[in-house]
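The values are calculated or read from the model by the stated rules, or taken from the named source; none is laboratory data. In this text, all values refer to a predicted model and were calculated from it rather than measured experimentally. Neighbour counts run over all protein chains shown; Cβ positions are idealised from the backbone, glycine included. Quick note on the areas: whole protein, heavy atoms, side chains included, nothing else; ligands and nucleic acids left out. Shrake-Rupley method; radii C 1.70, N 1.55, O 1.52, S 1.80 Å.
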Amino acid sequence: MSDMLSGKSGLFTFLLIVLVMIVSITIKYVNMVTLTPAKVSSELEEVFSRVDNVSPLSLRKAEFLMEWSRFRDSDECSDAVSASRMYSGNGFEGDVYIVSYADSIEFPGFPTIHRQFRIEKPMRHGN
């Protein structure tokens, strides 16, 4: 029993490695499907709030596009927002702005997980 707890057992070491891999993959997966989209959504909301008092709506959209472009080119934005420049489908559909980006998890010994994300944010009509 003391051999198993001291790490001398090959089975114990193998199980520990498997556990660490499972925890690592789980953390990366949660980051990919929950935390990163939430970060992109909050960044969109932040830029929307900068132009919230601009009127009329068409001018607000134009101002938002300029602010979003500056933000996306800055060091302040997340990697997902920066990477969204490479994907088509970004822009306004009516009064909803859409950000599309891809994310993946690459872990040695496991198949790569690829996902395409689409974050939508409606532009408020109020001032």
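Here are some notes:
- A Cβ distance below 9 Å, combined with a sequence gap of six or more or placement on separate chains, defines the contacts here; from segment 98-127, residues that are free of Cβ contacts under 8 Å to residues at least 40 places away in the same chain reach residues that are among the aromatic types (Phe, Trp, Tyr) and open to solvent by 70 Å² or more (accessible area, probe 1.4 Å) in the pairs Ser100/Tyr87; Ala102/Tyr87; Gln116/Tyr87.
- Filter pass, Met123 being among the hydrophobic types (A, V, I, L, M, F, W, C) and touching a strand residue (DSSP E or B) at 6+ places or on another chain (Cβ under 7 Å): yes
- Filter result for Glu45 (farther than 30 Å from Ile17 by Cα and open to solvent by 90 Å² or more (accessible area, probe 1.4 Å)): no
- Conditions (1) within 18 Å of the chain's Cα centre (by Cα); (2) under 30 Å from Val20 (Cα atoms); number of the one not met by Gly109: (1)
- Some residue of segment 73-85 being exposed (fewer than 11 other Cβ atoms within 10 Å of the Cβ) and polar (S, T, N, Q): yes
- Candidates in segment 53-72 are the residues that are over 15 Å from the mean Cα position of the chain (by Cα) and under 16 Å from Ser41 (Cα atoms); of these, the one that is surrounded by the most Cβ atoms within 10 Å (Cβ to Cβ) is Trp68.
- Residue match in segment 88-98 (condition: out of contact with any Lys or Arg (no Cβ under 8 Å at 6 or more places or on another chain) and either hydrophobic (A, V, I, L, M, F, W, C) or closer than 30 Å to Val18 by Cβ (or both)): no
- Only residues that are in contact with a helix residue (DSSP H, G or I) (Cβ under 6 Å, 6 or more places away or on another chain) and part of a strand (DSSP E or B) were counted across segment 93-116, and they come to 4.
- For segment 86-127, filtered to residues that are loosely packed, with under 15 Cβ neighbours inside 10 Å and among the hydrophobic types (A, V, I, L, M, F, W, C), the residue that is farthest from Val40 (Cα to Cα) is Phe110.
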